[in-house]
Structures are given as C-alpha cells and as structure tokens.
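Please read the structure below before turning to the comments.
The values are calculated or read from the model by the stated rules, or taken from the named source; none is laboratory data. Quantities reported herein were computed from a predicted structural model and do not represent experimental measurements. Methodologically, a virtual Cβ is constructed for each residue, glycine included, from the backbone with ideal geometry; neighbour enumeration extends over all protein chains shown.
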Amino acid sequence: MDNAISIEEVKNRLSMMGFSASETDDDEIQFLIERVTNYTMNYCNIGFEDIPDIIRPKMIDKICAGFLYERKNFGQLTGFDYSTAIREIREGDTTIQYGVGESYDTPESRFDWMVREMDKAYDKWITPYRKLRW
C-alpha cells in the first residue's frame, strides 16, 4: 500500500487548521482513512492501486472533516470557542439579540463552514474516475 494516505498526512492537514492531533487520535484517524478509501473505491468501482493521486488532497480533507465533525459532536473538540456572541443589548423595553444564524459570523458558524467546505462535493471530485462495473 505505497499510495495509502498516512496518519501523518492527516495530522499535518489538521495542524494547518489549528488542531494538533496526538497519538491517542491515531486509531480514529486510521479508521477514517480506511472508511474514506473504501468509500472511494466502492463509488468509483476501482481497486486500491487505481485511486488517482490527484484526488488524494480531497480525500485527506474529507478525512479531516469527518474527524473534526465527530470531535465537535462528541464534545471532544477543545481549543475552539463556541460561546454565542451577544450582538445587541437595549435597556428600554429590554431587548437582547444574539449573534446566531447565517447572517452573523460566530466562531462556531465559521468552524461549521470550514468543515462543510472540506467535505463539500466529494462525489463530484471523484466521479470522473468512476468505472463501469460489469
């Protein structure tokens, strides 16, 4: 498996986004590498050796997106501030507006956007490499 995506490649990409993965994350990263690799092979109807190098960066992004998404949903993602920012406070008639939703740029919405972009349109990226199965 010369062209297999390594755990170190995934860790390097995660570090580019400000998350430092440790050795305790290796099993989860390895599982995600295998899941994305198997998905790609199954979707494209190709063997492992036929996975083109050009889609490796997109595969690594999909692995990282899965890792960060799972960490966030399990409450294990540290180092990110998800506190909701208060956008406006009025004293007369007491109005408080929170900076949530699509029109406000909270740390959590920026993080969610980043993860979505990393996972976005993966099937479209790999569709040109699909082969017909007889």
Original post:
What is the one condition in (1) at pLDDT below 85; (2) over 19 Å from Asn12 (Cβ atoms); (3) surrounded by 10 or more Cβ atoms within 10 Å (Cβ to Cβ) that Asp123 does not satisfy?
Top reply: (1)
**OP:** Kindly indicate whether Ile46 is assigned to a loop (DSSP other than H, G, I, E, B) and under 17 Å from Arg130 (Cβ atoms).
**Re:** yes
**OP:** Give region 5-25 a look and list any residue that's surrounded by fewer than 18 Cβ atoms within 10 Å (Cβ to Cβ), at pLDDT below 90 and assigned to a loop (DSSP other than H, G, I, E, B), or say none.
**Re:** Met17, Gly18, Ser20, Ser22
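Residues in region 82-95: is at least one at pLDDT 80 or above and either in contact with a helix residue (DSSP H, G or I) (Cβ under 8 Å, 6 or more places away or on another chain) or surrounded by 12 or more Cβ atoms within 10 Å (Cβ to Cβ) (or both)?
So far as region 82-95 goes, no, none of its residues is at pLDDT 80 or above and either in contact with a helix residue (DSSP H, G or I) (Cβ under 8 Å, 6 or more places away or on another chain) or surrounded by 12 or more Cβ atoms within 10 Å (Cβ to Cβ) (or both).
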Original post:
Which one of these is without any contact (Cβ under 8 Å) to a residue 60 or more places away in the chain, closer than 20 Å to Lys124 by Cα and out of contact with any strand residue (DSSP E or B) (no Cβ under 7 Å at 6 or more places or on another chain): Val10, Val36?
Top reply: Val36
Original post:
Based on what the data block shows, is Ala65 touching a helix residue (DSSP H, G or I) at 6+ places or on another chain (Cβ under 9 Å), modelled with pLDDT under 95 and not in a helix (DSSP H, G or I)?
Top reply: no
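For (1) over 23 Å from Lys124 (Cβ atoms); (2) charged (D, E, K, R), each residue gets a yes or a no:
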site	(1), (2)
Ser6	yes, no
Ala21	yes, no
Thr24	yes, no
Cys64	no, no
Leu68	no, no
Arg71	yes, yes
Thr78	yes, no
